Amino acid sequence: MQVTRRQFFKICAAGVGSSSLVALGFAPGEALAEVRAFKLARTTETRNTCPYCSVGCGVLIYSLGDKAKNAPGEIMHIEGDPDHPVNRGTLCPKGAGLLDFVHSPGRLTQPEYRAPGSKEWTPISWDDAFTRIAKLMKDDRDKNFIAKNDKGETVNRWVSTGMLAASASSNETGYLTQKIARSLGMLAFDNQARV
Amino acid sequence: MSRWIHRYSAGERSNHWAVAISFVLAALSGIALFHPAFFFLSHLFGGGTWDRILHPYIGVFLALVFILLALRFWRRNVIRPRDREWMRHMGDELHNRDERMPETGKYNGGQKVLFWTVVMLIPILLLTGIVIWRPWFAPAFPLVVLRIAVLIHAVVAWLMILAIIVHVYAALWVKGSVRAMTRGTVSPAWAKHHHRAWYRELTGK
Amino acid sequence: MALQSLDIKARSATTTPSPHVRIEGAIPVAKLIDISKCIGCKACQVACMEWNDLRDEVGTNVGVYDNPRDLTDQSWTVMRFSEVEVEQGRLEWLIRKDGCMHCADPGCLKACPSPGAIVQYSNGIVDFHEENCIGCGYCITGCPFNIPRISKKDNKAYKCTLCSDRVGVGLEPACVKTCPTGAIVFGSKIDMIHHAEGRIADLKERGYSNAGLYDPQGVGGTHVMYVLQHGDKPELYANLPKDPSISPLVSLWKGITKPLMNFGIGLAVFAGFFHFVTVGPKLVPDEEADADDPPPPADPSRAYDPARPLSTRSDHE
Amino acid sequence: MTNHWVDIKNTDLVLIMGGNAAEAHPCGFKWVTEAKAHRKARLIVVDPRFTRSAAVSDYYAPIRAGTDIAFLGGVINYLLSNDKIHHEYVKTYTDFSFLVKDEFAFNDGIFSGYNPEKRSYDKSTWGYQMGADGYVVTDPTLQNPRCVYQMMKAHYARYTPDVVSSICGTPKEAFLKVCEMIAGTAAPNKTMTIMYALGWTQHSQGSQNIRTGAMVQLLLGNIGVAGGGMNALRGHSNIQGLTDLGLLSNLLPGYMSLPNDAEQDYTAYVEKRASKPLRPGQLSYWQNYNKFFVSNMKAWWGDAATAENNWCYDWLPKLDKGYDLLQVFENMNQGKVNGYICQGFNPLASAPCKVKVSGSLAKLKYLVIIDPLATETSEFWQNHGEYNDVDPAKIQTEVFRLPSTCFAEEDGSLVSSSRVLQWHWKAAEPPGDAKGDQEIMAGIFLRVRDLYKKGGGAFPDPILNLTWKHRQPEAPSPEELAKEFSGKALKDVTDPKDTAKVLVKAGEQLNGFAELRDDGSTSCGCWIFSGAWSEKGNLMARRDNSDPYGIGQTLNWAFAWPANRRVLYNRASCDPSGKPYDPTRKLIAWDAASGKWGGADIPDFKPDSPPEDGMNPFIMNPEGVARFFAVDKMAEGPFPEHYEPMESPLANNPMHPKNEMARANPAARVFKEDWASFGKPDQFPYVGTTYRLTEHFHFWTKHARLNAIIQPEQFVEIGEDLAKEKGIKDGDHVRVRSKRGFIVAVAVVTKRVRTLDVEGRKVHTVGMPIHWGFMGLTKNGYITNTLTPFVGDANTQTPEFKAFLVNIEKV
């Protein structure tokens, strides 16, 4: 390659020129600084209480959408409720991770049945499950209900079926459960106060 | 063209240009990361990320082809007393007072110094480059090693670029030289004038 | 929200000033981490991952409480637990929340070669913009606290943003909001220093005579500060550097060296140019070119051929 | 909690013992840090481990697991012998001056009336001397050796600092330092709060641990005052509510109790519970028992509950014994239980001695799981390798697993440990086909009822007549249920002083339990919750967080039981003349001008009873005062006494070295074959203790990825000395064995678990977090309760998870 003096000037000029164009803003694809978009902008905020321990922290649940009929709200963020007098917006590692409890792969989504001796679950409809459970309960109650004890005292109890109640369920659930259990004469009935 | 003297074989020319092209690419992609003023050069390689990805591979290629080149040329570049003499006459050389220059072989003292400079710099670039190569090797080195490596890489690359600027300029400046690497031949006059000893060796004159 | 609205104080690999006339009025913010109040519950780690939609690996236990074991592209903050006996027989469990310190003089930003991959806002937040990140890892080299991590998935650097998206709309960072004990507080840097003074006075009253604020001046101060019970011994807290600064190697590399080198290259080019225009090309004198010496035959065998035995090759000049 | 979370900020000293608030209740613990920051409060942590609470404490004292009564008994001794007590408070507001029956005795660790065969006491001697006027005889001079003060002083004199240090392994100077700090709060203007949780309850003498703590607080005058109290931190989000609603074997809502077999007579049943005052001028609020009871029966059986049928008294099941968790699994193991329903409860992981629980479940005919998550219990029949090595083919239990909603998918209220009922709102639909718990319970109940309706069967009356006035019978709404337990007037309720004045019209919601009547004119499903949903609306949903007095009393935030008061016994924060002991923390005071008590809180008192009438603050006790002497309320004695855990590293009880009967709690119930499952120190020389970590909640959060990330794998903690002895290093896998099985986990070797000097020898502790299992996102682990013993507290049957024996080896 023979570069003449003229050519050499040309090369230099082109180099300087292209750098100047860049300096003038012709550089391709240079992005501007931008923070991540605030993700809660038009989400729906719902007030709730942390379901774990009994500090009873207030939480704010953010779900997608504005509750329009065609857009079922998916929960996408949970954080502390700053108005709550106890937690004042704070959450512990459990509360701060509530989103992953709501969306846990361990969540159950359909009623299941395991037959005696079986190695697996099989799906069952709610109606079949309720009907079968009710039948089992009634059979057991009818068979083992104790109306009077050995001394002839009226005792009206049923202790061959027991129940453990959820201490993370609401008062309303707890109250209904208590009412149903006692109407059946249940005594083998406990909650998590101890463990 | 019987009046031309053969200086480089096709293999030598190819090897040289492989080195030259990969060096230019390495330099351009490297200098893009070296200083913001040159970041625009990364667009020649498809943007900053491609620049970061390609640069080390180009560098490794450069090192490989350079090793071949060095193996081809090192014997001719062994420095001799007359090269030292040549160096003492650098000023005359630069001012085109060629008549005062001592006789030289296939390469003059300046060319040899450049050769050995590059022989030293390329391995340093290769080694420091491997140390800072992400995502492959950098995570294996402690931070302080990375910091030293990245500094050395930059300084050595700079020296290398300076050396090559001198090399390229010299080629352009000394008329008739470029043909040696493009066509493999030089004019007998060129050979006789610039590399008298080599010319004599070839012609016996 | 584009650059103009954000009051950029500094931008990586940008040699001219970023638009920052509003800096004078901007309020520098700071996060203050009071280690004496920290219970190491890791709520901040969870809130950080949750807010930023990150999920690190479910790892293993290696005999300590630290999990994840180190910062990663998915864990922008981790708790570091140290059991120390500062006084003989008096155990202390020092738990430090590690993460980006948001230095006023950010080494990462200084080291970054990609324009706009790292920005420092006028409020002091140092933020990575991964769309500009090229994955070279220079930020890691530049950081005096060893904070940035390159993702194995996309080879881009990540670290705490100080929830710039939350701060941008007037909220506190997620870790600050969640902190159960108020060990992490957030506000203007002046207020945080004032708050820290109150905390230090309280600690001194409780016998921590060397309690102090960690706002290292070697990096120009930080926008994440610690209250330390043992302010004189930051290294007790999982090797928090005592007097951090950008490594001199990095300063040398990214400091004066580069313009000098550019100048050197430019000088070399121009030296050649002026040499050419003053001295002129080196030509073979006409009398030599016109010499009637017949050229030697173009005999390839005379040329260098590595394949030929040494004895027949004329390697010697 | 007697007080509430925010109130902790008002304290001068926090004692965390038998709990680990920083880890288990971080957001509540915030108020400890507030007290430290703003009141210069000090924090003491007494725990076998240097916990994350200890990490931010001002003073930490180690203690051997299961020796809290010895420690606190020593504190009582220190306070009494150094006279660091709140004199006016204890003299006026406690039973200090009450005389105890002469027959009552305490001999070498055993109280009078013990029956070793039954392992229980005849408590007839555990009472007061009664005067001819029907009131307790007192000695205001406190000189009588039979007065409670003198007897208590004598009882605890044995707990000298040396004895305490030797039993507990707490260095003597550490113990004395703690005593000194605690004693400082005897001043009327100083107070201490005690925060405890399962670290006190889960012992064979758990209830007495708490009693001893309460006694310390009473001596210091720290009950009823802002920043004071006995604060049970409590576990689950609504464990308080479920207990309030009586979801325990022997309870009815509002701490009313079910009759036992002998209580065939309704009137006698009520009279026994509606205690008459034991001292003149006292309120004895339980005298209203019948109003609560009748209203409860009306809520459940409506028109079917009439005066003629004793408001369906006989429809309630009667107890022949308690049917707590351990008893039921014992029965199950004996094949006496056919069906079991686990609603949001994971007993395979939560109950002691996994091998027994697992074997018991396998004997069931049917098991119903109602849960949002796939629990270990729901898969007890499934083989999960080493973690649950069973053969499904051999397990004949039918199992139903019904998916329920989680908190985010339902409306309703929860009661926090502050006793505040807080409403929450549904944010999303449940996943898949999951249904709310109320729908599930209704679905089962309505089908059972239909079967009885159609085919009859055993005693169908309570089932057929159960009130079910729901607009959608198959889906009772939370609003309807909340209104039902809050209560309404069935007929006009009139003012007893002026019957022409109607307080609440028929059909309206009641304002509170003061409006309950025993004539069937009111209905209320849980009297202590009465007024939560009044005609003013849903008070549980109130969200006004204003704190006008600046001491954290947000009375318009939600609704606290009882009657929205936030600090129980708050009358005790004032001196007998009605002036606050500490005006800077005034809760209430007597306002002579208006003739009423009032202030920052709702008075826990008869609001118009002037101080000169001499009514005392503890209105739920027939004595009107707080009891140091527990009369017959506790199973193992009126004064707490140190007993060793059922499994102890010591061969005997150092307090009673020669009395084998008094080695462990003599009244703790042990099932016959379980005796063989207890280990001895020669084979199992180390103290095992289980606990929770801040990163996890029970066995739930291992299903939440975020929590799995921050604490991924099962581990056990041991001290450096033991590690050295056994050649165990950080990160090694170790096998921990008890007599009941083994677990394998990673070892965390730490300075935080100390070797203690106990009775002249070294005692090592092995700490074991419980959170792992074979379901969820964390690394699979062994169920820690494989190791724990099948024994419970003598009063509550809470399992002894906190102190048992293990051995450890490197795998």
Filtering the range B:54-100 for residues that are assigned to a loop (DSSP other than H, G, I, E, B), surrounded by 15 or more Cβ atoms within 10 Å (Cβ to Cβ) and basic (Lys, Arg) leaves a count of 1
Residue in the range D:489-503 that is free of Cβ contacts under 8 Å to residues at least 40 places away in the same chain, under 30 Å from D:Arg39 (Cα atoms) and not charged (D, E, K, R) present: no
Does B:Glu85 satisfy the condition of being closer than 17 Å to B:His195 by Cβ, at pLDDT 95 or above and not hydrophobic (A, V, I, L, M, F, W, C)? no
For the range D:91-119, give me the residue count where each residue is in contact with a strand residue (DSSP E or B) (Cβ under 9 Å, 6 or more places away or on another chain) and surrounded by 16 or more Cβ atoms within 10 Å (Cβ to Cβ). 16
Go through (1) within 30 Å of D:Pro611 (Cα to Cα); (2) among the polar types (S, T, N, Q); (3) surrounded by fewer than 19 Cβ atoms within 10 Å (Cβ to Cβ) one by one and return the number of the condition D:Asn260 breaks. (1)
Of the numbered conditions (1) among the small types (Gly, Ala, Ser); (2) at positive phi; (3) assigned to a helix (DSSP H, G or I), D:Gly335 satisfies every one except a single condition; which is it? (3)
Hey, among the residues in the range B:134-157 that are in contact (Cβ under 8 Å) with a residue 24 or more places away in the chain and touching a Gly at 6+ places or on another chain (Cβ under 7 Å), which one's nearest to C:Gly280 (Cα to Cα)? B:Ala157
A careful count of residues in the range D:662-702 that are polar (S, T, N, Q), outside any loop (DSSP other than H, G, I, E, B) and either surrounded by fewer than 20 Cβ atoms within 10 Å (Cβ to Cβ) or more than 10 Å from every other protein chain (Cβ to nearest Cβ) (or both) gives 3
Enumeration of residues in the range D:122-140 that are under 18 Å from D:Val90 (Cβ atoms) and either touching a Ser or Thr at 6+ places or on another chain (Cβ under 8 Å) or among the charged types (D, E, K, R) (or both): D:Thr138, D:Asp139, D:Pro140
Filter the range A:52-79 for residues that are surrounded by 24 or more Cβ atoms within 10 Å (Cβ to Cβ), closer than 19 Å to D:Ala541 by Cβ and more than 8 Å from chain D (Cβ to nearest Cβ) and give the result. A:Val59
Filter the range D:152-192 down to the residues that are touching a His at 6+ places or on another chain (Cβ under 7 Å) and farther than 28 Å from D:Val225 by Cβ and list them by number. D:Ile167
The range A:96-146, subset assigned to a strand (DSSP E or B) and exposed (fewer than 14 other Cβ atoms within 10 Å of the Cβ), residue nearest to the chain's Cα centre (by Cα): A:Pro123
Criterion first (under 30 Å from D:Ala35 (Cα atoms), assigned to a helix (DSSP H, G or I) and not aromatic (Phe, Trp, Tyr)) does C:Leu203 satisfy it? yes
Residue satisfying condition, being in contact with a Gly (Cβ under 8 Å, 6 or more places away or on another chain) and either assigned to a helix (DSSP H, G or I) or under 26 Å from D:Thr92 (Cβ atoms) (or both), within set D:Gln217, D:Gln150: D:Gln217
On the basis of being closer than 22 Å to D:Gly525 by Cβ, touching a helix residue (DSSP H, G or I) at 6+ places or on another chain (Cβ under 9 Å) and either surrounded by fewer than 17 Cβ atoms within 10 Å (Cβ to Cβ) or of a type in the set (Val, Ile, Thr) (or both), does D:Asn290 make the cut? no
So, D:Pro473, is that one modelled with pLDDT of 95 or more, over 33 Å from the mean Cα position of the chain (by Cα) and not in a helix (DSSP H, G or I) or not? yes
Residues to consider are D:Thr170, D:Thr160, D:Thr141; find the one that is in the same structural domain as D:Glu88 (by TED's automatic domain parsing), farther than 15 Å from D:Gly73 by Cβ and at pLDDT 95 or above. D:Thr141
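Residues checked against (1) closer than 21 Å to B:Ser42 by Cα; (2) in contact with a helix residue (DSSP H, G or I) (Cβ under 6 Å, 6 or more places away or on another chain):
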| site | (1), (2) |
| --- | --- |
| C:Gln88 | no, no |
| C:Lys110 | yes, yes |
| C:Ile118 | yes, yes |
| C:Ile125 | no, yes |
| C:Glu131 | yes, no |
| C:Tyr138 | yes, yes |
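Being among the aliphatic types (A, V, I, L, M) and under 22 Å from C:Gly280 (Cβ atoms): is that true of B:Ala170 here? Spell out how you get there, then give the answer.
Working: among the aliphatic types (A, V, I, L, M): yes; under 22 Å from C:Gly280 (Cβ atoms): yes.
Against the criterion (among the aliphatic types (A, V, I, L, M) and under 22 Å from C:Gly280 (Cβ atoms)), B:Ala170 qualifies.
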Every residue from the range B:159-179 that is within 7 Å of chain C (Cβ to nearest Cβ) and touching a residue at least 60 places away in the same chain (Cβ under 8 Å): B:Ile161
Identify all residues within the range D:302-330 that are within 30 Å of D:Asp371 (Cβ to Cβ) and either more than 7 Å from every other protein chain (Cβ to nearest Cβ) or assigned to a strand (DSSP E or B) (or both); write none if there are none. D:Leu319, D:Lys321, D:Gly322, D:Leu326, D:Gln327, D:Phe329, D:Glu330
Only residues in the range B:83-98 that are on the phi > 0 side of the Ramachandran plot count as the first member; pair them with residues that are surrounded by fewer than 16 Cβ atoms within 10 Å (Cβ to Cβ), Cβ under 8 angstrom, at least 6 apart or cross-chain, and list the lot. B:Asn96/C:Val279; B:Asn96/C:Gly280
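If you check B:Lys112 against the conditions, is it surrounded by 21 or more Cβ atoms within 10 Å (Cβ to Cβ) and not in a helix (DSSP H, G or I)?
Working: surrounded by 21 or more Cβ atoms within 10 Å (Cβ to Cβ): yes; not in a helix (DSSP H, G or I): no.
No; evaluated as a whole, the condition is false for this residue.
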Does the range D:432-462 hold any residues that are among the hydrophobic types (A, V, I, L, M, F, W, C), in contact with a Pro (Cβ under 7 Å, 6 or more places away or on another chain) and either over 22 Å from A:Pro123 (Cβ atoms) or part of a loop (DSSP other than H, G, I, E, B) (or both), and which are they? D:Ala434, D:Leu446
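Matching residues to (1) closer than 25 Å to D:Val748 by Cβ; (2) outside the structural domain of C:Phe186 (by TED's automatic domain parsing); (3) outside any loop (DSSP other than H, G, I, E, B):
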| position | (1), (2), (3) |
| --- | --- |
| C:Ile39 | yes, no, no |
| C:Gln45 | yes, no, yes |
| C:Cys48 | yes, no, yes |
| C:Val62 | yes, no, no |
| C:Tyr65 | yes, no, no |
| C:Asp70 | yes, no, no |
| C:Phe81 | yes, no, yes |
| C:Trp93 | yes, no, yes |
| C:Asp105 | no, no, no |
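What are the residues in the range D:383-394 that are within 14 Å of A:Trp121 (Cα to Cα) and either in contact (Cβ under 8 Å) with a residue 24 or more places away in the chain or within 7 Å of chain A (Cβ to nearest Cβ) (or both), if any?
Scanning the range D:383-394 gives D:Pro392, D:Ala393.
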Residues of the range B:180-196 that turn out to be surrounded by fewer than 18 Cβ atoms within 10 Å (Cβ to Cβ) and either within 9 Å of another protein chain (Cβ to nearest Cβ) or assigned to a loop (DSSP other than H, G, I, E, B) (or both), as a count: 3
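The values are calculated or read from the model by the stated rules, or taken from the named source; none is laboratory data. Keep in mind that this is a model prediction, so the values were computed, not measured. Cβ atoms come from the backbone with ideal geometry, glycine included; neighbour counts cover every protein chain shown.
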